[in-house]
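Here is the structure we will look at.
Every read-out reported here was derived from the displayed coordinates using simple, explicitly stated rules and does not represent laboratory data. Everything numeric here is computed off the predicted structure, so don't read it as measured data. Cβ sites come from the backbone with ideal geometry, for glycine too, and all protein chains shown count toward neighbours.
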Amino acid sequence: MQKKYMILCVAGQSNAVGYDESKIPADYMAQFDCDRIFQLGFWGGDNLQVIPLGPCAQNFQDMRPYGHPENPGIGTRGIHLPLAHRLLKWIPGDYDILVLPCAYGGTGFTAGEYGGYDPKTLRPEPGIWRWGRESAYYKALCDRIGYALDMNPENRFLGMLWCQGEWDNEDAAGHAVGFDAMTEDFFTRMEERFPGRVYRGGWNRDIWYNMETVAFWHSYRQCPMVWEHYRTWNEETYIPIPRDTDSNEVNGTGITAKQRSAHFGNGSFGRIIAPAVESVMARRLGGRP
């Protein structure tokens, strides 16, 4: 029997990748229903294969070299696994969740090149590119969602979790223009190609969730304007994160960034951030289970 998947995309920059440098407990995976949680592979021979989702998702950026020294080769943690586990209760029992990690640290809408793209492998060229309608990242994101939906006509899109904006701190207005243009193109493109394929919703702003970043950025230059735009873009899908949420200042190694407070850490994706995202997504997915 062919598997059916609810497709969850996590995209943006470093806090969407997941830069949690803290040590991963030996029993970390035991808390998740790993039999129902998968990812669309990206690295090496895993590309475009449905594979198990571990602590470090296979993003556009390979974080395996940057994990805690006591977890060699595993990488850093993100929101992918804890959020997917929490969302299982909101979907039918005969579906699994397929996560599409589509993020790279240090990216924005207002600077840099759009990057090269391989439409055969559905992969952007390695590197820090900019987001936008012409971006290699955006092309990969759209094509990978399409690839996952095409695997089974019963597959459905569950939602887009977006965390991005820090590196446009000198041009919040430019960020807003680029973000608005890209998202409107996304909804139009997906509605034309995959009408009726969203679980409990349509291809519109109600399935795109804008998650706040770590507290460090909220008073940094024009960053507050970036998140204010996200909030007004759609209040119903805006996800506030408590300002006291742990960053890599707690139990971080500093290997991903000298400014440890710039990234969520110390297991906060599982303890605080995933529950916050779930609570907002649950409004559309059905209220109380």
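Charge dipole (Cα centre; +1 on Lys/Arg Cβ, -1 on Asp/Glu Cβ; no other charges) of region 5-285 amounts to roughly 260 debye.
Rounded, prolate or oblate: which fits region 12-147 when a ≥ b ≥ c are the square roots of the eigenvalues of the alpha-carbon gyration tensor, with rounded for a/c under 1.5 and prolate only if a/b beats b/c?
Details: a/c = 1.96, a/b = 1.33, b/c = 1.47.
Verdict is oblate for region 12-147.
In this calculation the C-beta distance from Glu249 to Arg221 is compared with R0 = 30 Å, giving a FRET efficiency of 0.90.
Exposure proxy check: Lys3, Lys258 ranked by fewest other beta carbons within 10 Å? It would help to have the intermediate numbers written out before the result.
On the way: Lys3 15, Lys258 7.
Least crowded to most crowded, the residues run Lys258, Lys3.
Once the piece of chain linking Leu48 and Glu134 is laid out straight, how much longer is it, given 0.36 nm per residue of separation minus the C-alpha distance between them? Could the numbers behind the result be given before it?
Working: separation 86, 0.36 × 86 = 30.96 nm, distance 2.19 nm.
Length gained between Leu48 and Glu134: 28.8 nm.
Which FRET efficiency value, to the nearest 0.05, do you get for Asp185 and Asp62 by plugging their Cβ-Cβ distance into 1/(1 + (r/R0)^6) with R0 = 30 Å? The formula returns an efficiency of 0.60 here.
Beta bridges from DSSP with both residues in region 5-285: antiparallel share about 25 percent, rounded to the nearest 5.
Dimensions of region 63-108 from C-alpha coordinates, computed as largest minus smallest value along each principal axis and given longest first, are 38, 32, 12 Å. Largest GNM mean-square fluctuation across Pro55, Pro72, Pro101, computed for the chain with C-alpha springs under 10 Å, falls on Pro72. Each label was represented as a point 7 Å from its Cα along the Cα-to-Cβ direction; for Lys258 and Glu70 these points are 2.8 nm apart. Springs between Cα atoms under 10 Å define the GNM used for the chain, and in it the highest mean-square fluctuation of Gly254, Gly93, Gly270 occurs at Gly93. The structure shown yields semi-axes √(5λ) of the Cα gyration tensor in Å, and of the options [x] 25, 23, 19; [y] 29, 22, 20; [z] 31, 23, 17 that calculated value carries the label [x]. For the chain, modelled as a GNM whose springs connect Cα atoms under 10 angstrom apart, the maximal fluctuation among Gly12, Gly105, Gly201 occurs at Gly201.
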